[in-house]
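Chemist: Quick one: the structure is below, questions incoming.
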Amino acid sequence: MKKKNFRSFQLFVDKAVKDFKNNIYLINDQKISKSIKFKDIDIFLKNLGNFLKNKKISEQKKILICSNNDNFTGLLLIGLIYFNRIVIPVNPAFKKEDIKYIVKNSTPDFIITEKEYDFLFKSLKIKKTLIQNLNFFKKNTKSNFYKPNINEKDFAQIVYTSGSTGNPKGVLLTQKNVISQILSITKHFNFKSKERFITILPLFHNGGQFFSTYASLISGSSNLIVNPKLAFINFWHYVKKHQINWTLGMGSHINFLINTENNSKTSLKGIVIGGMRLESSIQKKFEKKFKINVLKNYGLTETSSLACCDK
């Protein structure tokens, strides 16, 4: 039997940009007019491609990212996987000792970070740049840029676990791991274009990436990326303002939200929960109070997060 051709993450991004070019992809909470449309992704990719070329960061080189939860970080993760670089997203809250361990363990070739986190990398002899120095939305006269010929076994990410029982563990995910997970999510939930997501989990781990940031991209939907620290207290405000339909969170979100009030009719179709045990009694109480389905999932970083989920 002839082996099917591998359909890479890159191909699905190109298709989404073409099919949904005038739709909003990443919502700007402060000013909707500054939201990022699907056609803007093309401009971002052209500038990122030139940046990688100018910095001589070739395919399968490792780039460590330490940055805030925002639209730029979301696009940076997408772009680096698109160009077949290996992205290493790390928690900005890590201490210097944690960063030192991860750098030694993963041996990145380049670092992209925020000005506020630059102190974590001062002593390292690795080339780096600050996000504040990057302008990937400037109009580019070049209509074409080099696209790597990606193999399904090429590495896409090294995702580090929390390290709650020891040092953080780096999990290698391939290009096939990434696109297989995204397609499984969109198929399981039957996501169509113009759904609205909110990313309340950190982008440095699978939870903030695959369900809301990547699945919304592939399905032609919109996504609001917020600071996880503000996600609890502002949750109903975000949902109402942007008519959010879906999100993925943790049991702690439900434990918090069940003690809040939401007097308006909600647009939420469901909240997917993972990462920690959620008591059935709390789940039922929440669903009865807010008339919103809570769908529990199970997975590991090694399985690109979601392995199974309630329907």
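Chemist: Of the numbered conditions (1) touching a Phe, Trp or Tyr at 6+ places or on another chain (Cβ under 7 Å); (2) open to solvent by 20 Å² or more (accessible area, probe 1.4 Å); (3) modelled with pLDDT of 95 or more; (4) not acidic (Asp, Glu), Lys39 fails exactly one; give the number of that condition.
Modeler: (1)
Chemist: Now for a different question. Name the residues in region 86-107 that are out of contact with any Phe, Trp or Tyr (no Cβ under 8 Å at 6 or more places or on another chain), in contact (Cβ under 8 Å) with a residue 60 or more places away in the chain and of a type in the set (A, V, I, L, M, F, W, C), would you?
Modeler: Result: Val87, single match.
Chemist: Further question on the same structure: Which one of Ile185, Ile150, Ile198 is surrounded by 19 or more Cβ atoms within 10 Å (Cβ to Cβ), in a helix (DSSP H, G or I) and in contact with a Phe, Trp or Tyr (Cβ under 8 Å, 6 or more places away or on another chain)?
Modeler: Ile185
Chemist: I need the full set of residues from region 97-133 which are acidic (Asp, Glu) and modelled with pLDDT of 95 or more, in order please.
Modeler: Asp109, Glu114, Glu116, Asp118
Chemist: Let me ask something additional. Residue check, Lys46 against (1) modelled with pLDDT of 95 or more; (2) out of contact with any helix residue (DSSP H, G or I) (no Cβ under 7 Å at 6 or more places or on another chain); (3) part of a helix (DSSP H, G or I); (4) open to solvent by 30 Å² or more (accessible area, probe 1.4 Å), all met but one. Which one?
Modeler: Only one criterion is unmet by Lys46, namely (1).
Chemist: Give Ile258, Ile273, Ile292 a once-over and let me know the one that is over 28 Å from Lys192 (Cβ atoms) and open to solvent by less than 20 Å² (accessible area, probe 1.4 Å). Let's see the steps before the verdict.
Modeler: Details: Ile273 fails: over 28 Å from Lys192 (Cβ atoms); Ile292 fails: over 28 Å from Lys192 (Cβ atoms).
Answer to the check: Ile258.
Chemist: Then there's this: Name the single residue that is nearest to Phe210 (Cα to Cα) among those in region 261-270 being modelled with pLDDT under 90 and open to solvent by 50 Å² or more (accessible area, probe 1.4 Å).
Modeler: In this case the residue turns out to be Lys265.
Chemist: Please specify each residue of region 233-246 satisfying the condition of being modelled with pLDDT of 95 or more, among the hydrophobic types (A, V, I, L, M, F, W, C) and either in a loop (DSSP other than H, G, I, E, B) or crowded, with 20+ Cβ neighbours inside 10 Å (or both).
Modeler: Phe235, Val239, Ile244, Trp246, listed by residue number.
Chemist: Considering every residue within region 220-232, establish whether at least one is touching a residue at least 12 places away in the same chain (Cβ under 8 Å), more than 27 Å from Asp14 (Cβ to Cβ), part of a helix (DSSP H, G or I) and over 15 Å from the mean Cα position of the chain (by Cα).
Modeler: Yes, region 220-232 has at least one match.
The values are calculated or read from the model by the stated rules, or taken from the named source; none is laboratory data. Small disclaimer: the values here were computed from a predicted structure and weren't measured. Positions of Cβ are backbone-derived with ideal geometry, glycine not excepted, and every protein chain shown enters the neighbour counts. Ligands, DNA and RNA are stripped out before the accessible areas are found, and what is left, the full protein with its side chains, is counted by its heavy atoms. Shrake-Rupley method; radii C 1.70, N 1.55, O 1.52, S 1.80 Å.
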